[in-house]
Structure formats: structure tokens, C-alpha cells
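Asks: Here it is, the structure, as C-alpha cells.
The values are calculated or read from the model by the stated rules, or taken from the named source; none is laboratory data. The structure displayed is predicted, hence computed values, not measured ones. Neighbour counts are summed over all protein chains in view; Cβ atoms, including those assigned to glycine, are modelled from backbone coordinates with ideal geometry. Heads up: the accessible areas ignore ligands, DNA and RNA and are worked out on the full protein's heavy atoms, side chains in. Shrake-Rupley method; radii C 1.70, N 1.55, O 1.52, S 1.80 Å.
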Amino acid sequence: MTDTPVDILIRNGQVLTLNPQQEMIADGAVAIRGDRITAVGESAAMDPQPARKVIDARGGIVMPGLINTHTHAAMTLFRGLADDLPLMNWLDDHIFPAEATLDHRKVYCGALLACAEMIMSGTTTFCDMYLFEDAVAQAAQQAGMRAVVGEVLFDFPSPHYGPIEEGFAYTEKLLEVYHGDPLVTVAVEPHSPYLCAPAVLTRAYDLAQRHGVPMVIHLSETAAEVATLRQRYGLTPVEHLEALGVLAPNVLACHCVALTAEDIQRLKRYDVKVSHNPESNMKLASGIAPVPQLMAAGVCVGLGTDGAASNNNLDLFLEMDTAAKLHKVQRLDPTVLDADTVLRMATLDGARALGLSDRIGSIETGKQADLIVIDTRRPHLVPMYHPASQLVYAAKGSDVTTVIINGRVVMEGGRILTFDVEQAMADVNRIAALITSRG
Ligand SMILES: [Zn+2]
């Protein structure tokens with residue numbers, strides 16, 4: 001404790017550190033200096049600490065910000081545009097034609113609206129794959145959110161960059177522009193083994209390794225994908241990536257619904273990380289990812305919402321609730337994916353999945369200050385026997401009142417301070433009108 005004031009002192013909250021020891025402080029406080037957490041302890045012990053700004057958590061919960069390991073933020077533009085359709089029909093007749101009309105500004109507007117929704121429901125970091133990713137990075141910076149962004153790479157001409165060669169050039173430029181950025185990390189993001197030729201996958205992998213950044217890819221999302229890959233290469237998608245030599249600890253595989261027992265062992269052997277997206281998998285009728293088996297094998301699994309066109313929201317509180325319940329009903333076993341496990345998926349394991357666990361994912365001295373305050377003085381959160389249960393099974397994103405990212409207060413009292421949310425909604429409504437009038 002020093003007399004130099006800290007920048008922010010959050011006090012009077014139940015602090016869920018979600019550190020590896022799962023430490024909890026009943027009446028706790030967190031001190032922040034610059035972008036870092038400098039102290040965590042009892043409110044009474046920390047109170048003499050002078051602070052430039054004091055946030056009174058008033059009996060609420062203070063916890064690390066949630067981490068969305070897979071989304072397509074700008075797809076908020078297509079939320080509810082076309083639902084309840086077979087996957088290929090949905091993509092070919094609705095999503096792909098709408099995406100062909102995108103540009104930098106539209107993606108920026110869609111991504112900024114997504115940032116509003118994510119911040120307001122307690123998410124502080126998201127991992128994105130889309131077109132015009134520079135616009136997504138700019139939206140994240142404007143919003144003050146932490147983001148891992150990557151331009152989607154595939155074999156056919158992109159509505160953004162055209163031929164794949166340009167996609168790699170664009171990715172290299174992003175890597176250069178955002179190198180060392182405090183909020184934005186650039187990843188290399190080949191779409192999937194079915195939309196990327198082997199040469200694209202190996203080149204993407206080499207680029208990711210050279211820069212020490214994640215490679216993010218959709219993998220084994222459906223049984224149809226597995227059938228396609230078996231037909232093309234005589235291998236499962238996971239076997240195919242292994243044969244190409246592109247499995248490694250910095251690979252984040254999204255979905256992983258249709259896996260064999262051997263695939264699970266392979267993912268473990270290479271320490272590949274998995275993003276679980278239960279609501280999207282349910283809505284598109286893709287199936288149920290074998291998450292309990294992946295975890296039993298020791299695979300790190302984070303949680304993601306996928307894009308707003310296939311969810312249709314970006315609220316990780318709802319996703320936690322769904323994840324916890326989906327596996328219970330599938331296995332007819334209420335003990336699988338307990339609340340503590342699901343909470344870890346949405347925080348520290350999400351950070352590990354993105355290669356950021358030394359910086360975020362838990363409230364620990366020295367880590368970057370990404371944390372949220374939840375107001376528990378609400379009928380649906382009373383009484384409070386077990387905070388983890390309450391957060392996973394009863395809380396809603398709208399219970400989050402304060403959000404701090406990288407030491408900056410981006411939301412306070414339920415109001416976003418970094419940009420005009422009304423304007424963001426109006427901008428997206430204008431773009432939606434254009435999409436509708438196109439017919
Ligand atoms: Zn996706």
C-alpha cells in the first residue's frame with residue numbers, strides 16, 4: 001500500500017478472482033493503476049488506499065470480463081434476416097448475397113453495434129473472423145474492447161480482397177499495423193478445411209507461426225463437412241490438418257461438433273484449443289460438440305457465440321446457461337459441465353484459447369484490468385448461496401453495470417462511455433433498410 005493514488009479502486013464487492021485456485025473474497029476490493037491490476041484484497045484492508053476514482057460495487061459481484069472466443073461481429077447486420085432455414089439455403093440465398101454488398105463502413109457499423117451488445121452483457125474480449133477486419137479492429141478500438149481479429153481466407157474470390165493472394169497480403173498488413181497494439185491482436189484465419197485448399201492452410205499456418213499469433217479455423221462443424229473431407233482426402237477434418245502439419249497449441253478450432261474419439265486424442269496431443277458455440281450449433285442443427293469428452297481428455301475449451309445471424313445474440317451469460325444445460329440433457333447427467341467449469345470456459349480457459357492467459361482471464365495482481373461488476377440486488381439473483389450457480393443459471397447480461405477494459409471504464413451505471421450507442425443502432429438500421437430494399 002502506498003500513498004500515491006491508484007487510478008481506480010473498486011470496493012465493497014464479492015470478488016470472484018477465477019484464478020486457478022478459484023479464490024473468492026466476500027467483501028473485496030481491486031486496485032488498478034494504468035492498464036493493470038495492482039492489488040486484490042479485503043475492502044477493509046484496501047480502504048486507506050487513495051484513489052482517483054472509486055467504484056462502489058455495493059454488494060455486487062466483481063469478476064473478470066467474459067471472453068467470446070468465436071464470433072463474426074459485423075453479422076449483427078444480418079440478425080434475424082433469415083432464420084429457420086436449412087444451412088446451405090440460408091447461406092446461398094440470404095447470407096452470401098447480403099455479404100457481397102458489404103464494405104469497410106458497413107462492417108465497421110455492424111462491429112460497433114456488436115461491441116455495444118458485448119460490453120453491455122459483460123464481454124471484454126472477442127475473437128473475430130470476417131471480411132474487412134481492419135474495420136472490426138477500428139470498431140474495437142473505438143469501443144475500448146480487446147479483440148483478436150483476422151481476415152477470413154478461402155479459395156474463392158472474397159467480396160473484400162478478391163483473390164487469395166490479396167487475402168494474405170491484407171493479413172500481413174494487419175499484422176504490421178497492429179503489432180504491439182494494447183487492445184488488438186491479429187490472427188491468421190483460414191475459414192475451414194472444406195473452403196481452403198491444402199496450400200492455403202499450410203501457408204496460413206506458416207504465417208501464424210512466423211508471427212507467433214493464433215491460427216483460427218472452423219473445424220468439424222457438421223457431419224456433412226466430415227463426409228466432404230473423407231470423400232476428398234479419405235481423412236476426417238482433424239486427420240487432414242494433422243497430415244498437413246498444421247495442428248499446434250496456437251491453433252483455435254471453432255465448433256468441433258463432429259469428432260471421432262481419435263480426433264479428440266489428436267487435438268489433445270497437439271494442445272489445439274477449442275471454441276464451443278452451443279447456441280449456433282443448436283440453431284443451425286449442426287449437432288452437439290463432445291465437450292465433456294474433450295475436457296476429460298484435457299483439451300482447453302473456451303466459449304463463443306458465433307455470429308449474430310446464427311445465434312441470434314452475443315450475450316455470453318445466455319451462452320453459459322445453454323452450454324451447461326445442453327450437455328446435461330444430452331448425457332442425461334446433471335453433474336457434467338457444472339457452473340464453475342462453465343464460468344472458467346467463459347474466462348480463464350477462453351484466455352488460454354486465445355493465447356492471452358498471461359494477460360487476462362482472471363483477477364490477479366499484474367494482469368491487465370479487464371473486469372466487470374454485476375448488480376446482484378435484483379429479484380432473480382436473490383438469495384446468493386453460490387455465486388457461480390447464480391451467474392451461470394440465473395444472471396442475464398443486462399445485470400452487468402460496470403465494465404473496465406485495459407484499465408479504462410468503458411461502461412458505468414449501465415451506460416457506455418466510449419461511443420454513442422443510439423447512433424450505432426441508427427447506422428445499422430439504415431444499412432438494414434438497404435438490405436431489405438434490395439429484395
Ligand atoms: Zn463461425
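Asks: Quick one: in region 316-330, of everything that is of a type outside the set (A, V, I, L, M) and open to solvent by less than 20 Å² (accessible area, probe 1.4 Å), which residue is farthest from V291 (Cα to Cα)?
Replies: F317
Asks: Considering K273, K328, which residue is basic (K, R) and either within 16 Å of the ligand (Cβ to nearest atom) or modelled with pLDDT under 95 (or both)?
Replies: The conditions single out K273.
Yes or no, residue by residue, for (1) in contact with a strand residue (DSSP E or B) (Cβ under 6 Å, 6 or more places away or on another chain); (2) of a type in the set (G, A, S); (3) closer than 30 Å to A432 by Cβ:
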{"residue": "E262", "(1), (2), (3)": "no, no, no"}
{"residue": "Y270", "(1), (2), (3)": "no, no, no"}
{"residue": "K273", "(1), (2), (3)": "yes, no, no"}
{"residue": "A297", "(1), (2), (3)": "no, yes, no"}
{"residue": "L303", "(1), (2), (3)": "yes, no, yes"}
{"residue": "H327", "(1), (2), (3)": "no, no, no"}
{"residue": "L332", "(1), (2), (3)": "no, no, no"}
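Asks: Here is a further query. Of all residues in region 39-57, count the ones that are touching a residue at least 40 places away in the same chain (Cβ under 8 Å) and in contact with an Asp or Glu (Cβ under 8 Å, 6 or more places away or on another chain).
Replies: Summing the residues that are touching a residue at least 40 places away in the same chain (Cβ under 8 Å) and in contact with an Asp or Glu (Cβ under 8 Å, 6 or more places away or on another chain) in region 39-57 gives 6.
So that you can scan it fast, the table gives a plain yes or no per residue for (1) open to solvent by 10 Å² or more (accessible area, probe 1.4 Å); (2) within 16 Å of the ligand (Cβ to nearest atom):
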{"position": "C115", "(1), (2)": "no, no"}
{"position": "C127", "(1), (2)": "no, yes"}
{"position": "Q142", "(1), (2)": "yes, no"}
{"position": "V148", "(1), (2)": "no, yes"}
{"position": "K173", "(1), (2)": "yes, no"}
{"position": "Y178", "(1), (2)": "yes, no"}
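Asks: Name the single residue that is surrounded by the fewest Cβ atoms within 10 Å (Cβ to Cβ) among those in region 58-97 being within 16 Å of the ligand (Cβ to nearest atom) and among the small types (G, A, S).
Replies: A74
Asks: I would also like to ask the following. Specify which of the listed residues (L417, L391, L348, L381) is under 24 Å from A187 (Cβ atoms) and hydrophobic (A, V, I, L, M, F, W, C).
Replies: L348
Asks: When you scan region 293-330, how many residues do you find that are under 23 Å from S389 (Cβ atoms), outside any helix (DSSP H, G or I) and β-branched (V, I, T)?
Replies: Looking only at that region, the number is 2.
Asks: Of the residues R359, R378, only one is free of Cβ contacts under 8 Å to residues at least 40 places away in the same chain and closer than 22 Å to K273 by Cβ; which?
Replies: After ruling out the rest, the residue left standing is R359.
Asks: Count, please, the residues in region 98-126 that happen to be in contact with a Pro (Cβ under 9 Å, 6 or more places away or on another chain) and under 18 Å from S275 (Cβ atoms).
Replies: Matching residues across region 98-126 total 1.
Asks: Do the conditions hold for T71, that is, is it of a type in the set (V, I, T) and over 30 Å from A394 (Cβ atoms)?
Replies: It is false that T71 is of a type in the set (V, I, T) and over 30 Å from A394 (Cβ atoms).
Asks: What number of residues within region 159-182 are on the phi < 0 side of the Ramachandran plot and not in a loop (DSSP other than H, G, I, E, B)?
Replies: Within region 159-182, residues that are on the phi < 0 side of the Ramachandran plot and not in a loop (DSSP other than H, G, I, E, B) number 14.
Asks: What number of residues in region 197-229 are within 15 Å of the ligand (Cβ to nearest atom) and either closer than 27 Å to A351 by Cβ or of a type in the set (V, I, T) (or both)?
Replies: Residues flagged as within 15 Å of the ligand (Cβ to nearest atom) and either closer than 27 Å to A351 by Cβ or of a type in the set (V, I, T) (or both) within region 197-229 amount to 9.
Asks: Looking for something touching a Cys at 6+ places or on another chain (Cβ under 6 Å) and of a type outside the set (A, V, I, L, M, F, W, C) - is there at least one such residue anywhere in region 56-70?
Replies: Yes: region 56-70 contains one or more residues that are touching a Cys at 6+ places or on another chain (Cβ under 6 Å) and of a type outside the set (A, V, I, L, M, F, W, C).
Asks: Against the conditions (1) within 27 Å of A116 (Cβ to Cβ); (2) among the hydrophobic types (A, V, I, L, M, F, W, C); (3) open to solvent by 10 Å² or more (accessible area, probe 1.4 Å); (4) more than 16 Å from the ligand (Cβ to nearest atom), where does A26 fall short? Just the number, please.
Replies: Only one criterion in (1) within 27 Å of A116 (Cβ to Cβ); (2) among the hydrophobic types (A, V, I, L, M, F, W, C); (3) open to solvent by 10 Å² or more (accessible area, probe 1.4 Å); (4) more than 16 Å from the ligand (Cβ to nearest atom) is unmet by A26, namely (1).
Asks: Give me the pairs: first residue in region 143-170 and over 30 Å from G407 (Cβ atoms), second residue part of a loop (DSSP other than H, G, I, E, B) and open to solvent by less than 10 Å² (accessible area, probe 1.4 Å), beta-carbon distance under 7 Å, and six or more apart or on different chains, which are they?
Replies: Pairs found: V152/L131; L153/C196; F154/C196; D155/C196; S158/L131; P159/L131; H160/L131.
Asks: Can Y108 be described as of a type in the set (F, W, Y), open to solvent by 10 Å² or more (accessible area, probe 1.4 Å), more than 18 Å from H211 (Cβ to Cβ) and in contact with a helix residue (DSSP H, G or I) (Cβ under 9 Å, 6 or more places away or on another chain)?
Replies: yes
Asks: Here are some conditions: (1) out of contact with any strand residue (DSSP E or B) (no Cβ under 7 Å at 6 or more places or on another chain); (2) under 21 Å from I95 (Cβ atoms); (3) not hydroxyl-bearing (S, T, Y). C196 meets all but one. Which one does it not meet?
Replies: (1)
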